[in-house]
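To start, the structure under review is shown below, and the notes come after it.
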Amino acid sequence: MMMSQDLMSLAVRFANTHLGLGAQLAAVALDADIGDDDDGGDEGYQVANGVAVISVHGPLVPRANSVNLCQTMTSYESINQQLAAALADDCVSQIVFDIDSGGGAVTGAFECASKVAASTKPTTAIVNYSAYSAAYLIASACDTISISQTGGVGSIGVIAEHVDYSKANENAGISITTVFRGDNKNNMTPNAPLDDRSLAMLNQMVDSSYQAFVNFVATNRGLDPQAVINTQAGLYKGAHAIAAGLADTYEDPQHALKSVVMAAASNMPQFLRIENQTPEIQSQNNLKLRAKALKMKF
């Protein structure tokens, strides 16, 4: 998985204590903080002045029906669907990704980001106020990344952990017998210390994911891969993100969105512009422009 270390630990604890799944914490992850948000990211995009706004909030999961373990989530499936709809929508000329996420599952992340990179319409990522790990993977696929003073991007690194419950099981008087076929079937079991075979597999997973992450960001941001590696999974705020080549413009999320919308409006017929629509249409299209999602956070 590509998510923050804290979220990964919480998910495993929930699965073990509430669902009885015996989950193991041996997942590829990117270390970063998770953005706090009370809005969902799967409700569909909003459009005003030809700009579609797609929310990317909270932990990122592969499918829309994934279990919400602890907070608002956005699925790659939903992002893909909204992007496809926006690309096919004749009323949409530009696409904005409103991002406040610390990352999520590796499954589906690169496929989703690749679709964003292949967009035939201009794309902008507005960091509102975090785009870390897998969320930055998506942001890096956009034509432009906007960041504010306290907005953060980066965490271009990979982390994997294995939790060994064998001592805890022993102290609890629990004895586990495992029968399996296939030498790798029981790799990274949480019921035994990590053996050499499992460690080698885990390292291969980390290396593969990290190289793919570095190459994707380098390609889409026009950076040398070594420059991306040199970030060493650091978190970059505001102007420092721009100096590192990880973002492009410096403005708060509200102004960033307004700039995109106003620029798009200049190319629209007069009768379609928000200012020339009835109050009812304005309330439906303008106020839904992620006004709630783009609220200030302290």
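Some points to look at:
- Cα gyration tensor, region 102-143 - rounded (a/c under 1.5), prolate or oblate: oblate
- TYR132, TYR45, reordered so the largest accessible area comes first (probe 1.4 Å): TYR45, TYR132
- The order of the peptides 97-106, 193-202, 164-173, 211-220 by mean Cβ neighbours within 10 Å, most packed first, is 97-106, 211-220, 193-202, 164-173.
- Cα pair count fraction exceeding 18 Å, expressed as % - region 131-248: 60 percent
- Between ALA243 and ALA212, full extension at 0.36 nm per residue minus the direct alpha carbon distance yields a gain of 8.8 nm.
- Ranked order, SER175, SER266 - accessible area, probe 1.4 Å, largest first: SER175, SER266
The values are calculated or read from the model by the stated rules, or taken from the named source; none is laboratory data. Note that the structure is predicted; figures quoted are calculated from it, not measured. Every residue, glycine as well, gets a Cβ built from its backbone with ideal geometry; the counts of neighbours run over all protein chains shown. Surface accessibility is based on the protein's heavy atoms, side chains included, excluding ligands, DNA and RNA. Shrake-Rupley method; radii C 1.70, N 1.55, O 1.52, S 1.80 Å.
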